[in-house]
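Everything below concerns the one structure shown next.
The values are calculated or read from the model by the stated rules, or taken from the named source; none is laboratory data. It should be emphasised that the depicted structure is a prediction, and the values quoted were computed from it without experimental measurement. Positions of Cβ are backbone-derived with ideal geometry, glycine not excepted, and every protein chain shown enters the neighbour counts. Just so you know, the surface numbers come from the protein's heavy atoms only, side chains and all, with ligands and any DNA or RNA stripped out. Shrake-Rupley method; radii C 1.70, N 1.55, O 1.52, S 1.80 Å.
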Amino acid sequence: MSSLQSSSAIDLFREQILAASKNKTPLSIQGGGTKSWYGNANTFTKLETRSYSGILEYQPEELVITACAGTPLKEIEAVLAEKNQVLAFEPPHFGDGATFGGAIAAGLAGPGRISAGNLRDFVLGARILDGKGQDLSFGGKVMKNVAGYDVSRLLPGSMGTLSLLLEASVKVLPRPAATTTLRCPITQARALQLTNEWAGQPLPLSASCWIGSSTGGDGELTIRLAGAAAAVKAAIPLMGAAVNVVELDPSVADAFWSNLREHELPAFQNLNNNDTLYRLALPAVCGPLAIPNMNDQLVLEWHGQQRWFTASGDDVTFATVKTLANANGGHATRFKQGAHVDPNQQRFTLLSEQAHSVALEAVQARLKASFDPAGVFATSRLP
Amino acid sequence: MIPMNMVIPPPELAAITALQSKLVSALRPILPEHALLWEPEDTIPYECDGLAAYRRMPLAVALPETEEQVARILKICFNMQVPIVPRGSGTGLSGGAMPMSQGLVLSLAKLKKIISIDPFTRTAVVQPGVRNLAISEAVAHLGLYYAPDPSSQIACSIGGNVNENSGGVHCLKYGLTLHNVLKVRGILMSGEIVEFGSLAPDSPGLDLLAVVMGSEGMLAVVTEVTVKLIAKPKLARVIMASFDDIEKGADAVAAIIAAGIIPAGLEMMDKATTRAVEEFVHAGYDLDAETILLCESDGTPEEVAEEIERMTKVLEQAGASGIQISQNEAERLKFWSGRKNAFPAAGRLAPDYYCMDGTIPRRNIGTLLRRIQGMEKKYGLACLNVFHAGDGNMHPLILFNGADQEEWHRAEEFGTEILEACVELDGTITGEHGVGIEKINSMCVQFGEGERESFWGVKAAFDPEKLLNPDKAIPTLNRCAEYGRMRISGGSVPHPELERF
Ligand SMILES: Cc1cc2nc3c(=O)[nH]c(=O)nc-3n(C[C@H](O)[C@H](O)[C@H](O)COP(=O)(O)OP(=O)(O)OC[C@H]3O[C@@H](n4cnc5c(N)ncnc54)[C@H](O)[C@@H]3O)c2cc1C
Ligand SMILES: Cc1cc2nc3c(=O)[nH]c(=O)nc-3n(C[C@H](O)[C@H](O)[C@H](O)COP(=O)(O)OP(=O)(O)OC[C@H]3O[C@@H](n4cnc5c(N)ncnc54)[C@H](O)[C@@H]3O)c2cc1C
């Protein structure tokens, strides 16, 4: 992208922000819009980022890529793949439209999160337009940086409510030299036990997924090993000693992990009109949970720390699910709603429903006000 | 080093004494006698942290023993509008824990219990005063350890690590404090207890844990930290490679990463450093080499064998003039001993040394090293270079004699010029030591007015009254304006000991 193009795109964004501030007409930032359904609903004017697209800097030996927010995620992944590098947190994209900025603002991560870390861990720097239209840069392009507060790492998961992300630098990693996927039939309780035991040993464990019946009976555990070829090879018999594993064909394995990441496995499909796809985030210690009125299948990722299921989308069910999650030290999200579920419902567990966070609500409100004093950025998307 | 106590005019002194008695009487009822210090002979050990060049006496020092006492101290100071400077072990190298003359130093050193260890979920809950290394020692029998390993790990506290987002030799592969802490419990200046992060993989709302990391004691007082433990690798081996040219060594660093290898550690020392340490530790370093790289691999024996072979090939191709691979644990430790003792070895070469800390993209390492050579001539001072090359995190050690005030100013100017070069080379003025009081002027070089205003916004969101370590890290607008003028005039900053408004 030429610098002329880029400065005119930024000027346009700034004009939109200033007009919104003046006219008190909030904006809803949209990248690919591939997940406009995620987060609390809003009907504000759209500020579209796709015009601000392009990779600004990529130096494989620095393990850093810097790109404009509107850059398609798939473009970034393709450029990295040429140099045998990856976004290790495996952001989901669903469809062609997903943008780099959208992925960062959503802050979601795929199966690799459990070993590689979450998206925020990889963010090194960001350039933003705040609610006053100020063009600001935080962090940088180097691995270590403790100059000033780490504002760029506040953006992941902020869902476009703090500022408009213009550009970001993220750390990338070499693609693991070898990858193998193993599978075995197993109960939920044993799967939770084993994956956590393995994670405490020096094994190249990079992802786990248990899918089974909601009633807690048998299911299937799929494990991904990734690292040096020798380490992967040595780990297979070790795991095989605990359970009867089969090695999946690489193409079957790749399809499985990608379908899991993109929610294209049968367990995620066919969301009934009155149902919600719930996401639970839980501490590692949490055993199987008895979830009332849940539909057929349960999906456990991240050694049990991320759990998915569908159930009725009404407020009473959500309240029950939240209570269960909170009681176990976690929280719940109405990740995706069926067509007939009221779109105006609260999608997230509120901060005030957590221990010791009443004071933090005020901190968050002040933070938000400091970046966006006029409330330009779709304040309702995140509670 | 050199004392730089402020000369306080008499009327102000009287006001300070009055405030001191008021504060001491307010705190006395909540703390045991031995936990509150205000006589100069008792508070003098707290007048500075690891950066001894900047010193100041506090009003008083409180050493609470429980979280409840911490909360009550904060409330009292909040009500009295007395600023607080939190302090861990005081090993910080940027003056982050330097006292304020009208403030209380709040030492967390007595909160040093390991509250719980859970091998199954691979976590430990510890109080802030627990030493970094004590965590790994406490879980070693479980085959686990806490990865971030600042060189100060025998002394520095986990609370300090959280507030400086500390890292060490192994953080290239295993990450900084940020990547290894799940949850932080803390107390806001208002006295309210809060929790950042959670044991779950994420928590509701904005990710406040991310900003608390590296916040230099300015957002909340940390009272409890839940750390991630990881499995101890079965084996580690290190390659020691010599290069007859600095640039070649720097290029080798980039070549290793470009080959898709993330070593467990990748450190570099220049000739002046190897010579200084060899005399000290006798590690068998190649004294003719312009630079030496230490390149570690860890993991299963199979993994290590494979990685050592790949790294050796890359280093050979990059033109290494000599390669040695550790054959056993004793030899590995011997190779590392020089790197680990570089600071004390530097201390033998000159009465004082000034340790800088900046980070640049790996590709610019050679350029910066050349520039530093030029600065050595310009300032007439020697500089040793030993650093975390894998992260591009540089630690130039400027040698000087602190008894000579003029020489200290030259050392300071030298350091500032290095930091400015780091920013110019696409890097940052601090990689791991923090801004503190030391680099507050350099913040004006790295950030513009808008960014600094946003930082103050973040500060105010947590601490609206600006009472928690308020004179650190984030410069005011006026301070930067004045610093800018002074830089333009070229001379050294007059009266650096005076507060700039
Ligand atoms: C069916 C489906 C399944 C999915 N499954 C998963 C899954 O299993 N796990 C998972 O983690 N993710 C999942 N996703 C998430 C999503 O695909 C990715 O995160 C994607 O990268 C979002 O990009 P986008 O550009 O389309 O974002 P958008 O939908 O356009 O925006 C997402 C959010 O980011 C904000 N935003 C966008 N751009 C900016 C910017 N430049 N500055 C500030 N804020 C901005 C928006 O306001 C919005 O709040 C799924 C999506 C769909 C549709
Ligand atoms: C020889 C030597 C080698 C070093 N090597 C490294 C290295 O390799 N990597 C590295 O990152 N650093 C290194 N350091 C710097 C220093 O050890 C680290 O910054 C360390 O994290 C400081 O911890 P501390 O407990 O001593 O904190 P202190 O120096 O006491 O305080 C540091 C900052 O944290 C704040 N603080 C401390 N505890 C709390 C708390 N509980 N709540 C709120 N705020 C708090 C203070 O206000 C201050 O701003 C080194 C220092 C020395 C002397």
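Close amide H pairs (under 5 Å, H built 1.01 Å from N) link A:Ile29 with A:Leu47, A:Ala378, residues at least 5 positions away or on another chain.
Over chain A, DSSP H runs of length four or greater, each weighted -39,500 (n - 2.57), average out per residue to a 222 nm ellipticity of -8500 deg cm²/dmol. Each of B:Gly92, B:Leu31, B:Ile73 was placed along the dipole of the stretch B:20-106 (beta-carbon charges, centred on the mean Cα), and the one lying farthest toward the positive end is B:Ile73. Our coupling estimate for the stretch A:255-263, obtained by passing each phi through the Karplus curve with A = 6.51, B = -1.76, C = 1.60 and θ = phi - 60°, is 4, 4, 5, 5, 5, 5, 4, 8, 6 Hz, Gly and Pro reported as x.
Among B:Ala140, B:Thr177, B:Val162, flag the residue with its Cα farthest along the positive direction of the charge dipole of the stretch B:110-267, charges on Cβ as +1 for Lys/Arg and -1 for Asp/Glu. Highest projection toward the positive end goes to B:Ala140. Working note: Karplus 6.51/-1.76/1.60 with θ = phi - 60° gives the stretch B:91-99 the couplings 8, x, 10, 10, x, x, 9, 5, x Hz, where Gly and Pro are set to x. Computing FRET efficiency as 1/(1 + (r/R0)^6) for B:Ala305 and B:Leu333, where r is the C-beta to C-beta distance and R0 is 35 Å, gives about 0.95. Rounded to the nearest Hz, the phi-derived 3J(HN,Hα) couplings of the stretch B:210-225 under the Karplus curve 6.51 cos²θ - 1.76 cosθ + 1.60 (θ = phi - 60°) are 4, 7, 5, 4, x, 8, 6, x, 9, 10, 7, 8, 7, 10, 7, 10, where x marks glycine and proline. From the alpha carbon centroid of the stretch A:156-183 to that of the stretch B:260-295 is 34 Å. Taking 17 Å as the straight-line reach from the Cα of A:Lys83, the aspartates and glutamates in range (excluding those fewer than 8 positions away in the same chain) are A:Glu57, A:Glu61, A:Glu62, A:Glu75. How far is helix A:229-240 tilted off the main Cα axis of chain A, in degrees rounded to 10, range 0 to 90? Between helix and principal axis, roughly 50 degrees. Where only DSSP H runs of four or more residues are counted, chain B gives -11500 deg cm²/dmol as its mean residue ellipticity at 222 nm, each run worth -39500 (n - 2.57). Cα-based values for the stretch A:283-383, radius of gyration first and Dmax second, are 15.7, 46 Å. Taking Cα atoms only, the orientation of helix B:67-80 departs from the longest principal axis of chain B by about 60 degrees. For the residue pairs A:Lys141/B:Lys173; B:Lys234/B:Lys313; B:Lys173/B:Lys271; B:Lys248/B:Lys378; B:Lys439/B:Lys459; A:Lys24/A:Lys368, alpha carbon separations beyond 20 Å are given by B:Lys234/B:Lys313; B:Lys173/B:Lys271; B:Lys248/B:Lys378. When each of the peptides A:181-189, A:273-281, B:110-118 is scored by the mean number of other C-beta atoms lying within 10 Å of its residues, the order from highest to lowest reads A:273-281, A:181-189, B:110-118. FRET efficiency for the A:Arg366 to A:Val316 pair, using the beta carbon distance and R₀ = 41 Å, is estimated at 0.75. Computed about the Cα centre, the dipole magnitude for the stretch B:176-228 is approximately 140 debye when only Lys and Arg (+1) and Asp and Glu (-1) carry charge, each at its Cβ. Between A:Ala267, A:Ala255, A:Ala168, the GNM of chain A built on Cα springs shorter than 10 angstrom shows A:Ala255 fluctuating the most. Taking other residues whose beta carbon is less than 14 angstrom from the beta carbon of B:Glu67, and scoring Lys, Arg as +1 and Asp, Glu as -1, yields +1. For the segment B:448-458, counting C-beta atoms of other chains within 10 Å of every residue's C-beta and taking the mean gives 6.
The residue list A:Ala362, A:Gln346, B:Pro119 was ranked by how far each Cα lies along the charge dipole of the protein assembly as shown toward its positive end, using unit charges on Cβ atoms, and A:Gln346 comes out on top. Axis of helix B:477-489 versus longest Cα principal axis of chain B: the two differ by about 50°, to the nearest ten degrees.
Does anything in the stretch A:316-341 have its amide N under 16 Å from the 7 Å Cα→Cβ label point of A:Asn273, and if so which residues? Those under the cut-off are A:337-341. With r defined as the distance between the Cβ atoms of B:Glu39 and B:Ala155 and R0 fixed at 25 Å, what FRET efficiency is calculated, to the nearest 0.05? About 0.50, to the nearest 0.05. Taking the Cα centre of the stretch B:333-445 as origin and assigning +1 to Lys and Arg Cβ atoms and -1 to Asp and Glu Cβ atoms, the resulting dipole is close to 660 debye. Taking the protein assembly as shown as a whole, the Cys residues whose C-beta sits 4.7 Å or farther from every other Cys C-beta are A:Cys68, A:Cys184, A:Cys209, A:Cys286, B:Cys48, B:Cys77, B:Cys156, B:Cys171, B:Cys295, B:Cys355, B:Cys383, B:Cys422.
About its Cα centre, the protein assembly as shown has a charge dipole of approximately 1360 debye under the convention of +1 per Lys or Arg Cβ and -1 per Asp or Glu Cβ, with nothing else charged.
The residues neighbouring A:Leu182, those whose beta-carbon lies less than 10 Å from its own, together hold a net charge of +1 under the Lys/Arg +1, Asp/Glu -1 convention.
Near A:Tyr278, the amide H atoms lying under 5 Å from its own belong to A:Phe309, A:Thr310, A:Ala311, A:Phe335; only residues 5 or more places off or on other chains count, and H is placed 1.01 Å from N. Ranked by solvent-accessible area (1.4 Å probe, protein heavy atoms only, all chains present), the residues A:Leu238, B:Leu287 order from largest to smallest as A:Leu238, B:Leu287.
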